[in-house]
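The values are calculated or read from the model by the stated rules, or taken from the named source; none is laboratory data. Predicted, not measured: the structure shown is a model, and the values here were computed from it. Cβ sites come from the backbone with ideal geometry, for glycine too, and all protein chains shown count toward neighbours. Remember, those area values only see protein heavy atoms, side chains included, never the ligands or the DNA or RNA. Shrake-Rupley method; radii C 1.70, N 1.55, O 1.52, S 1.80 Å.
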Amino acid sequence: MSDLRDLYQEVIMDHNKKPRNFRDMPEADHLAHGNNPLCGDALVVYVKLSGDIIEDVSFQGSGCAISVASASLMTEMLKGKTITEAQKTYDLFHQQMTDKSAGNTASLGKLEVLIGVREFPARVKCATLSWHTVHAALDNDHDISVTTE
Ligand code: ZN
């Protein structure tokens, strides 16, 4: 189990050092700002839709390793998905991160590397920030701000 934890740690550090899809997107048709004042994480998430498919998704900003790695993994996960699929992934991830008794974490796919974070309730908001932000972006056609509570 500790080997697995080391591997998860490595994946998180890799995504933090080299975040995927970390760029501005002038042609985005949805965007939202997300803030986690508890930790100081501040992200912007950009989405470009083609019909109901997420054609492109990117983010910018700064934050702790968990928030950046989570946003990076999220962009990889959501690209090419439909809005409905993205919503399902958001619900699943949110449930798994906030409810320790939630079942099969394998269904999270590559997001499983973040599951250890739920042992640290103060950091869960770091991991879910980008997801709250993309959720807000998809729900609105103008720039909006979300703050974790
Ligand atoms: Zn954080």
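Of 73, 92, which residue is within 15 Å of the ligand (Cβ to nearest atom), touching a helix residue (DSSP H, G or I) at 6+ places or on another chain (Cβ under 9 Å) and in a helix (DSSP H, G or I)? Write out each step before concluding.
Numbers: 92 fails: within 15 Å of the ligand (Cβ to nearest atom).
Residue meeting the stated conditions: 73.
The residues in region 71-91 that are open to solvent by 50 Å² or more (accessible area, probe 1.4 Å) and farther than 18 Å from residue 30 by Cα can be counted, and the count is 2. One residue stands out among those in region 99-149 that are away from the ligand (no atom under 16 Å from the Cβ) and of a type in the set (Ser, Thr, Tyr): the one that is farthest from residue 32 (Cα to Cα), which is 101.
Answer yes if at least one residue in region 44-55 is of a type in the set (Ser, Thr, Tyr) and either out of contact with any Leu (no Cβ under 9 Å at 6 or more places or on another chain) or open to solvent by 50 Å² or more (accessible area, probe 1.4 Å) (or both), and no otherwise. Yes.
Okay, residues lined up against (1) under 24 Å from residue 4 (Cα atoms); (2) in contact with a helix residue (DSSP H, G or I) (Cβ under 7 Å, 6 or more places away or on another chain); (3) modelled with pLDDT of 90 or more:
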position: 102; (1), (2), (3): yes, yes, no
position: 106; (1), (2), (3): yes, yes, no
position: 129; (1), (2), (3): no, yes, yes
position: 133; (1), (2), (3): no, no, yes
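When 38, 31, 49 are checked against the criterion of being in a strand (DSSP E or B) and either at positive phi or in contact with a helix residue (DSSP H, G or I) (Cβ under 7 Å, 6 or more places away or on another chain) (or both), 31 stands alone in meeting it. What are the residues in region 19-31 that are more than 19 Å from residue 140 (Cα to Cα) and either touching a residue at least 40 places away in the same chain (Cβ under 8 Å) or of a type outside the set (D, E, K, R) (or both), if any? Listed by number, the residues that qualify are 19, 20, 21, 22.
Looking at the structure I just gave you, is residue 136 surrounded by fewer than 21 Cβ atoms within 10 Å (Cβ to Cβ), over 14 Å from the mean Cα position of the chain (by Cα) and of a type in the set (A, V, I, L, M)? When the stated conditions are applied, residue 136 does not pass them. Just one of (1) modelled with pLDDT under 95; (2) surrounded by 19 or more Cβ atoms within 10 Å (Cβ to Cβ); (3) within 12 Å of the ligand (Cβ to nearest atom) fails for residue 67. It is (1).
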